[in-house]
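The values are calculated or read from the model by the stated rules, or taken from the named source; none is laboratory data. Values in this document were obtained by computation on a predicted structure and should not be read as measured data. We place every Cβ from the backbone using ideal geometry, glycine too, and count neighbours over all the protein chains shown.
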Amino acid sequence: MNTTAPTPFAEDILHGLKSDEKHIPSKYFYDDNGSRIFMQIMKMPEYYPTDCEFEILTGQSGNILDSLNFNEPFNIVEFGSGDGMKTRQMLKAFLDRKADFTYIPIDISQEALNALEKNIKTALPNVKMKPKTGDYFDVLKSMADTKVPNLFLFMGGNIGNYHLDEAKDLLNKFNDGMKKGDMLLLGMDLRKNPQVIQKAYDDPHGITKAFNMNLLKRINSELDANANLDQFDFYSFYNPENGEVHTYLISLKKQQIHSNVLDTDFSFEKDELIWTELSKKFSLEEINRLAKSTGFQVVSNFMDCRHYFTDSLWVK
């Protein structure tokens, strides 16, 4: 008898695929293979968010620094820093302006932080860094007593992956861990021509489809399951009325998948959907409302030249 405790992935798949409305949390996109596929997505000409934010941080970091209005040394605390490529543009601009700051990236993965530190230090050997491994909010609590002002970063449009109530909950938690006068720079994708958004999330190259199909590969690999990928398809839909992209896997036939690890079957009807991701696009009015409802005030919205994306600077 297997007495090993189920992994969070196993528990979430069991819950998600046994629900009346099947779903897989989007955080499970990013195993090693999924992360490689996402790197391909970011290089697609149709996928604009990465280039837009890179443009903002390359060209407007000086304006962001001026808007901080910190008159003393400060921390730059980043939640989920990834490879640091975009943040590096900001750090370089701040160093060029002789800003006195310490960069504190936070990640649950020590391996990811080690790679980030190497990348940043190679490009910017003079930057002061204090990486912290752990859950965002545990690290926030550990910094609660510091008197140094903080600029918090939550980049890449990640806030759009949360339902409104979840986004508010997350931002309220950020606010609780911040001092009055601390600032938050939030990457947010903006509403625009629906066709531009549709192509970014349903590309003609099939890369986004492969990104979603990789969830089934994970289930097969990690849960010893027998999902036939040929019996599933991918669908993405953007609703311009509420600014939400939803992505799904579709069962092409009535079928069952068995997982030996979970010792259970998952049943699918023909054309049944598995929801995999939400990606919300914001209007400037929605950004103001969200900031106000979570205890912040919008200082400025820094946008790319096409006004596709904003890094929105908020103050507590």
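Report, by residue number, each residue of the range 259-293 that is farther than 24 Å from N193 by Cα, touching a strand residue (DSSP E or B) at 6+ places or on another chain (Cβ under 9 Å) and not assigned by TED's automatic domain parsing to the domain that holds N212.
Hits for the range 259-293 are A291, K292.
The rows are residues; the columns are (1) in contact with a helix residue (DSSP H, G or I) (Cβ under 8 Å, 6 or more places away or on another chain); (2) of a type outside the set (S, T, Y).
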site	(1), (2)
S26	yes, no
D32	no, yes
I37	yes, yes
E53	yes, yes
Q60	no, yes
N63	no, yes
N71	no, yes
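Spot the failing condition for A93; the list is (1) in contact with a Phe, Trp or Tyr (Cβ under 9 Å, 6 or more places away or on another chain); (2) aliphatic (A, V, I, L, M); (3) at pLDDT 95 or above, and only one is missed.
Evaluating A93 over (1) in contact with a Phe, Trp or Tyr (Cβ under 9 Å, 6 or more places away or on another chain); (2) aliphatic (A, V, I, L, M); (3) at pLDDT 95 or above leaves (1) as the failure.
For the range 20-33, name all the residues that are surrounded by fewer than 18 Cβ atoms within 10 Å (Cβ to Cβ), in a helix (DSSP H, G or I) and in contact (Cβ under 8 Å) with a residue 40 or more places away in the chain.
S26, N33
Considering the range 205-221 alone, what residues qualify as being of a type in the set (G, A, S) and over 22 Å from the mean Cα position of the chain (by Cα)? Let's see the steps before the verdict.
Keep residues of the range 205-221 that are of a type in the set (G, A, S), which gives 206, 210, 221.
Residue satisfying the conditions is S221 alone.
Residues in the range 65-81 that are over 20 Å from N158 (Cα atoms) and either in the same structural domain as K199 (by TED's automatic domain parsing) or touching a residue at least 24 places away in the same chain (Cβ under 8 Å) (or both): how many?
8
Please go through the range 51-71 and pick out each residue that is buried (at least 19 other Cβ atoms within 10 Å of the Cβ) and hydroxyl-bearing (S, T, Y).
S61
Mind listing whichever residues of the range 193-207 are surrounded by 14 or more Cβ atoms within 10 Å (Cβ to Cβ) and either in a helix (DSSP H, G or I) or in the same structural domain as F54 (by TED's automatic domain parsing) (or both)? Walk me through it before giving the result.
Restricting attention to the range 193-207, the residues satisfying the condition of being surrounded by 14 or more Cβ atoms within 10 Å (Cβ to Cβ) are 194, 197-203, 207.
Correct list: P194, I197, Q198, K199, A200, Y201, I207.
Quick one: which residue in L284, L290, L249 is touching a Phe, Trp or Tyr at 6+ places or on another chain (Cβ under 7 Å) and not small (G, A, S)?
On the way: L284 fails: touching a Phe, Trp or Tyr at 6+ places or on another chain (Cβ under 7 Å); L290 fails: touching a Phe, Trp or Tyr at 6+ places or on another chain (Cβ under 7 Å).
So the residue among L284, L290, L249 that is touching a Phe, Trp or Tyr at 6+ places or on another chain (Cβ under 7 Å) and not small (G, A, S) is L249.
Residues that are of a type in the set (V, I, T), modelled with pLDDT of 95 or more and buried (at least 17 other Cβ atoms within 10 Å of the Cβ): does the range 216-230 have at least one?
Yes, the range 216-230 has at least one match.
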